[in-house]
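Colleague: Sharing a structure, written as structure tokens. Questions coming.
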Amino acid sequence: QVQLVESGGGLVQAGGSLRLSCAASGRTFSSYAMGWFRQAPGKEREFVAAISASGSSTSYTDSMKGRITISRDNAKNTVYLQMNSLKPEDTAVYYCCARRRGSIAATMNNYDYWGQGTQVTVSS
């Protein structure tokens, strides 16, 4: 079992930056691909970014590409999401997830473990 705990969310003005962190328990973190999804009020949860187990492959949603960077530190069992130039439409709960395979995926049903989420609010 893997437990994921997100942190780093908060309130930021449009154009600002936030770095989300996701700390994972367990000794198998380095073999899992990791992802970030988000869910805005009244909307479905959607893919944001993913990174392979080795960190050599990444994928991003088109709506945030160029403004976000996903990275991981396998020694610290942590994955990060750096978000820049934030917009009000980025307001959502951001969820970290882990996949029991090393390759990246962009759909929810490919992920086996989920965190509780962290709120990101971008004011205009």
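Colleague: Quick check: residue separation of Ala14 and Gln39 times 0.36 nm, minus the Cα distance between them. What number comes out in nm? Don't skip to the answer; put the middle values down first.
Modeller: Values: separation 25, 0.36 × 25 = 9.00 nm, distance 1.84 nm.
So the chain would gain 7.2 nm between Ala14 and Gln39.
Colleague: Run down the aspartates and glutamates and flag those whose C-alpha is under 15 Å from the C-alpha of Lys76, throwing out any fewer than 8 positions away in its chain.
Modeller: The qualifying aspartates and glutamates are Glu6.
Colleague: Roughly how many Å² of Val5 are accessible to a 1.4 Å probe, to the nearest 10?
Modeller: Here the accessible area works out near 90 Å².
Colleague: Give the distance, in whole Å, between the Cα centre of the range 6-20 and the Cα centre of the range 57-74.
Modeller: About 15 Å separates the Cα centre of the range 6-20 from the one of the range 57-74.
Colleague: How would Thr61, Thr121 line up by accessible area, probe 1.4 Å, largest first?
Modeller: Details: Thr61 30, Thr121 50 Å².
My answer, sorted largest first, is Thr121, Thr61.
Colleague: Please work out the FRET efficiency for the pair Asn84 and Gln116, using the Cβ-Cβ distance as r and a Förster radius of 22 Å; give the result to the nearest 0.05.
Modeller: With a Förster radius of 22 Å, E is 0.35.
Colleague: Apply the Karplus curve 6.51 cos²θ - 1.76 cosθ + 1.60, θ = phi - 60°, to the phi angles in the range 28-40 and return the couplings in whole Hz, x for Gly and Pro.
Modeller: Karplus values, whole Hz, x for Gly and Pro: 10, 3, 5, 9, 9, 6, 10, x, 10, 10, 9, 9, 8.
Colleague: Are there cysteines in the chain with no other Cys C-beta under 4.7 Å, and if so, which?
Modeller: Cys97 - these cysteines have no disulfide-compatible partner (Cβ-Cβ under 4.7 Å) in the chain.
Colleague: Calculate one ³J(HN,Hα) per residue across the range 102-116 by plugging θ = phi - 60° into the Karplus curve 6.51 cos²θ - 1.76 cosθ + 1.60, and present them in order as whole Hz with x for glycine and proline.
Modeller: Computed from phi, the couplings for the range 102-116 are x, 8, 6, 8, 10, 10, 4, 6, 8, 10, 9, 10, 9, x, 7 Hz.
Colleague: When you have a sec, figure out the Kirkwood radius of the chain from all distinct Cα pair distances and drop it here in Å to one decimal?
Modeller: This gives a value of 14.1 Å.
Colleague: From the phi of every residue in the range 76-91, what ³J(HN,Hα) in whole Hz does the Karplus formula 6.51 cos²θ - 1.76 cosθ + 1.60 yield, where θ is phi - 60° and glycine or proline is x?
Modeller: Karplus-based 3J(HN,Hα) across the range 76-91 equals 9, 6, 9, 10, 10, 9, 8, 10, 10, 6, 5, 10, x, 6, 7, 4 Hz.
Colleague: Once the piece of chain linking Ser57 and Ser7 is laid out straight, how much longer is it, given 0.36 nm per residue of separation minus the C-alpha distance between them?
Modeller: On the way: separation 50, 0.36 × 50 = 18.00 nm, distance 2.33 nm.
Answer, rounded to one decimal: 15.7 nm.
The values are calculated or read from the model by the stated rules, or taken from the named source; none is laboratory data. Bear in mind the structure is a predicted one, so any value in this text is a computation, not a measurement. Using ideal geometry, Cβ is built from the backbone for each residue, glycine included, and neighbour counts are taken over all protein chains shown. Side chains are part of the model used for accessible areas, which takes the heavy atoms of the whole protein and leaves out ligands, DNA and RNA. Shrake-Rupley method; radii C 1.70, N 1.55, O 1.52, S 1.80 Å.
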